[in-house]
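One structure is given here, and the rest of the page talks about it.
The values are calculated or read from the model by the stated rules, or taken from the named source; none is laboratory data. If you're wondering where the values come from, they're calculated on a predicted model, not measured in any experiment. For neighbour counting, all protein chains shown are included, and Cβ atoms are generated from backbone atoms with ideal geometry for every residue, glycine included.
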Amino acid sequence: MSSVDETADRRLIHDLVLRYCTAVDRGDYPGVRAVYASDGVDNHTGFSGPADEFVQWLRVRIAGFDGTMHLVGNHLVDLYGDHAFAETYGMAVHWGSPFDDETLNFTSGFRYLDHLRRDPEGWRIVERTAVRDWTRSDAGRMRSPEGDGPQGRRGPADPLEACRDRVRYIAGLTTTAQGETKAARAENEESTS
C-alpha cells in the first residue's frame, strides 16, 4: 500500500470517528448506525452488544440530556490491509435540567478502541470498546447564554443543516438554500412541462 493510500485511509477512519460524534450530539441515530459494520458491536459504559441494539440504547440514554458535545483529541491508526485498529482520545460533555443534577451534568474523558474493516460501503467499526478514563461533575456550572444567537439543538432544528445547505447552494450544488439539488429541480421541471 502506498503512503498516499495509507494517508487517505487514516483520514477516512478519522472522519468516521468524527461522524459518529456529530451524529450522537445531533441525535442523528441513523447516522450513528451508519458508522458501524452490519455485524458491528459496541462496548460502552452500561451497554455491550450489537450495534443495532446500541443505537436503541443510546437513543433512550441520550434523551435524558439537554445536550452532549463529544470532542476528539489524539487519534492513532494502525492499518492492516482491509482491517485497522484505532485509538481515539476524547472528552464528552453532558448537560441537562436541573443543572445541579450530577447524573445529568458531567464531563468524561474517554478512549475509543476501534477495530475497523473496509467494507463495500467504506471503513466501518466492527467492534468499539469505549473506555471511560475519568468523570468530573459539572453540576451547578451551567449558565444561560450571554445573549441572543444560534443555539445548538438535537435533530433538524440545529443550525448545522441550514448552514451546510447555504454553502452547498453557493457552491452551485443545490438550487435553493434548503438543499434541493439542481438535478431534482430539473427533473421536476421536465415532468411538469
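Scoring residue 17 on the criteria (1) surrounded by fewer than 17 Cβ atoms within 10 Å (Cβ to Cβ); (2) at pLDDT 95 or above; (3) of a type outside the set (Gly, Ala, Ser) leaves a single failure, condition (1). Does region 1-19 hold any residues that are assigned to a helix (DSSP H, G or I) and more than 18 Å from the chain's Cα centre (by Cα), and which are they? The answer is 3, 4, 5, 6, 7, 8, 9.
Which is surrounded by 14 or more Cβ atoms within 10 Å (Cβ to Cβ) and of a type in the set (Gly, Ala, Ser), of 49, 27? So that I can check it myself, show each step before the final result.
On the way: 49 fails: surrounded by 14 or more Cβ atoms within 10 Å (Cβ to Cβ).
Just one listed residue meets the conditions, 27.
Which condition number does residue 36 fail, the rest of (1) in contact with a strand residue (DSSP E or B) (Cβ under 6 Å, 6 or more places away or on another chain); (2) surrounded by fewer than 20 Cβ atoms within 10 Å (Cβ to Cβ) being met? With respect to (1) in contact with a strand residue (DSSP E or B) (Cβ under 6 Å, 6 or more places away or on another chain); (2) surrounded by fewer than 20 Cβ atoms within 10 Å (Cβ to Cβ), residue 36 is out only on (2).
Could you tell me how many of the residues in region 66-96 are in a loop (DSSP other than H, G, I, E, B) and either outside the structural domain of residue 11 (by TED's automatic domain parsing) or surrounded by fewer than 16 Cβ atoms within 10 Å (Cβ to Cβ) (or both)?
Narrowing region 66-96 to residues in a loop (DSSP other than H, G, I, E, B): 66, 81-82, 96.
When the remaining residues are screened for being either outside the structural domain of residue 11 (by TED's automatic domain parsing) or surrounded by fewer than 16 Cβ atoms within 10 Å (Cβ to Cβ) (or both), the result is 66, 81-82.
Residues meeting the conditions: 3.
How many of the residues making up region 22-65 are more than 16 Å from the chain's Cα centre (by Cα) and either part of a helix (DSSP H, G or I) or among the aliphatic types (A, V, I, L, M) (or both)? Residues in region 22-65 being more than 16 Å from the chain's Cα centre (by Cα) and either part of a helix (DSSP H, G or I) or among the aliphatic types (A, V, I, L, M) (or both): 3 in total. Looking across region 97-146, just one residue is surrounded by 15 or more Cβ atoms within 10 Å (Cβ to Cβ), assigned to a loop (DSSP other than H, G, I, E, B) and in contact with a Gly (Cβ under 6 Å, 6 or more places away or on another chain), and that is 104.
Taken residue by residue, region 37-56 has at least one member that is among the hydroxyl-bearing types (Ser, Thr, Tyr), at pLDDT 95 or above, farther than 30 Å from residue 98 by Cβ and assigned by TED's automatic domain parsing to the domain that holds residue 118.
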